[in-house]
1. Going by a ≥ b ≥ c, the root eigenvalues of the Cα gyration tensor, does segment 110-269 fall in the rounded group (a/c under 1.5), the prolate group (a/b larger than b/c) or the oblate group?
2. Let me make sure I get this right: for segment 128-189, a, b and c are the square roots of the gyration tensor eigenvalues over alpha carbons, sorted descending. Under 1.5 in a/c it's rounded, otherwise prolate if a/b > b/c, else oblate. Which is it?
3. Please go through segment 366-456 and write out the chymotrypsin sites (Phe, Trp or Tyr not before Pro) that DSSP classes as loop and that have at most 13 other C-beta atoms within 10 Å.
4. Please report the net charge: other residues with Cβ closer than 15 Å to the Cβ of TRP238, K and R +1, D and E -1.
5. Loop-only chymotrypsin sites (Phe, Trp or Tyr not before Pro) in segment 49-92, please: DSSP not H, G, I, E or B, and at most 16 other Cβ atoms within 10 Å.
6. Among the DSSP beta bridges whose two residues both lie in the chain, what percent are antiparallel, rounded to the nearest 5?
7. Before I look further, what does the chain give for accessible area per residue, probe 1.4 Å, in whole square angstrom?
8. Quick one: net charge of GLY89's neighbours, Cβ under 13 Å, K/R +1, D/E -1?
Amino acid sequence: MKSFILGAILFSTNVACAQTSIILKADSTAQTINKNIYGHFAEHLGRCIYGGFYVGDTNKVIPNTDGVRNDVIAALRKMKIPVLRWPGGCFADTYHWKDGVGDKSKRPTMVNSWWGGVTEDNSFGTHDFLNMCERLGADRYLSGNVGSGTVQELSEWVQYVNFDGKSPMSDWRRKNGRDKPWNVKYWGIGNEAWGCGGNMTAEYYANIYRKYSTFMTGSDEHPIFRIASGANSADYHWTDVLMRDIPHHLLQGIALHHYAVIDWNHKSPAVDFSEQQYFASMKSALMMNELVTKHSAIMDKYDPEKKIALVVDEWGGWYDVEPGTNPAFLYQQNTMRDAMIAASTLNIFNNHSDRVRMANLAQTINVLQAVILTNKEKIILTPTYYVMEMYNVHQNAKLIPVVLNTDDYSYGNEKLPAVSASASMDSAGVVHISLANINSTKEESISIKVEGNKYKKISGTILTSPRLQDHNTFENPDKIKPQTFSAASLKGDLIKVKIPPFSVIVLELK
Ligand code: AHR
């Protein structure tokens, strides 16, 4: 038998054990799960912005408000999108925000050099994004250009969107139709500075960051939250240098990027994948647990009070593009494998919410692990969308620590923990437990012992489907949808539930 502690969870695996058992410490809530852990990311990449969010304000075919699709707004509001990162990604370090404000007919074009070399007309810019977020009810996270921009350009962007008084930038904003500032809190200072953002060393970037952040100021009433471009997966040196070399009054968050990818040179098909590819994807996705544990430990060394957040502002499954689509547009379908990645990763983030206080799934629409796919006037919601919707009960709820003892999911000589779990209590005292069984063939019998409080009623929702490769299509958009789950029993302090292979269940206790 082996045991290991990950965040608030104690995992232990035992080959002889046929069941998963969980102890729910319902009498001891921990920190609040920041709702921004359920955040999203939208880049000017392929059809994420153009054709995804935005169809143009003269479009008479697809119902829209100021060019933004009404169906997308409705779906993301229903899912409770808490925060949206924009405009990139790699694109952010090529983006000059001043080209995207003012009269649309006079805006200069630009070449999207990272994503297919397409020419774009800058018709979706700062006002379009920030006004759209108001309609979504979502907080905004702007990713600033460090790679090819200037300190002045970024500090003027802050002034343009946030300054209430009279200034050259706020006057220009008013002239462009927006009187009151948007008060954007979250600002990224570059993206992937170790790669597409400038191929910098950690030491060099830390100095650059010090300079940029010095000239990005908030107010007492609306302080800004500056996020450093973070490590690529297991680059722990990067986090160490940033925590060591950047004065902490300039630093509110450090990013981390990790994609569930099998091999960057030999990815997997998004739909017709084998079990071997499924296992390898899950192995890469579950590595997130080790990553947030180790990056957090480095941060603890310099910041034991956990003032600085770990912001996982890009994560998700990355596969081959759909056959026949532009390879630079990163358009992929979304199956039950993606539901497993989303559910397991969100459990990890919940359980590490003392340090992980924002995460942004890449990317919202038509790119990578999207929650929405569009085809002209049609739209489909993916299995990942439904996981995000089922899990939104955890947003701003109090984490309940769980002790988990689970079977292995084995493939060849390798093993992964079959079940993951997290739990929380909302402001009304209602408890939610989210469970994911990634085993591709085996149902898991789970017994949950509820310690502390007493509950009388149990209900639930399940996301399941006969095949791992199942997905929603424009012809069959409702193939996979959450269903009511009433097969969990509650007797005294014991819950019994059977979770089918590759399924997600969220239970509610009252
Ligand atoms: O999400 C796609 C790309 O992945 C982003 O632009 C970049 O930051 C990362 O490498």
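The values are calculated or read from the model by the stated rules, or taken from the named source; none is laboratory data. Fair warning: this is a prediction, and the values are worked out from it, not measured in the lab. Every residue, glycine as well, gets a Cβ built from its backbone with ideal geometry; the counts of neighbours run over all protein chains shown. Surface accessibility is based on the protein's heavy atoms, side chains included, excluding ligands, DNA and RNA. Shrake-Rupley method; radii C 1.70, N 1.55, O 1.52, S 1.80 Å.
1. On the way: a/c = 1.95, a/b = 1.33, b/c = 1.47.
Verdict is oblate for segment 110-269.
2. Values: a/c = 2.05, a/b = 1.09, b/c = 1.89.
It is oblate, given that a/c is not under 1.5 and a/b is not larger than b/c.
3. Working: sites: TYR385, TYR386, TYR391, TYR409, TYR411, TYR455; in loops: TYR455.
Passing sites in segment 366-456 do not exist.
4. On the way: positive: ARG244, LYS294, LYS301; negative: GLU192, GLU203, ASP235, ASP240, ASP245, ASP313, GLU314.
Net charge around TRP238: -4.
5. Numbers: sites: TYR50, PHE53, TYR54, PHE91; in loops: PHE53.
Answer by residue number: there is no such site.
6. On the way: 59 of 104 bridges.
Restricted to the chain, the bridges split so that about 55 percent are antiparallel.
7. Numbers: 19340 Å² over 510 residues.
Using a 1.4 Å probe on heavy atoms only, each residue of the chain averages 38 Å².
8. Details: positive: ARG85; negative: GLU43, ASP93, GLU192, ASP313, GLU314.
Once all neighbours under 13 Å are counted, the net charge is -4.
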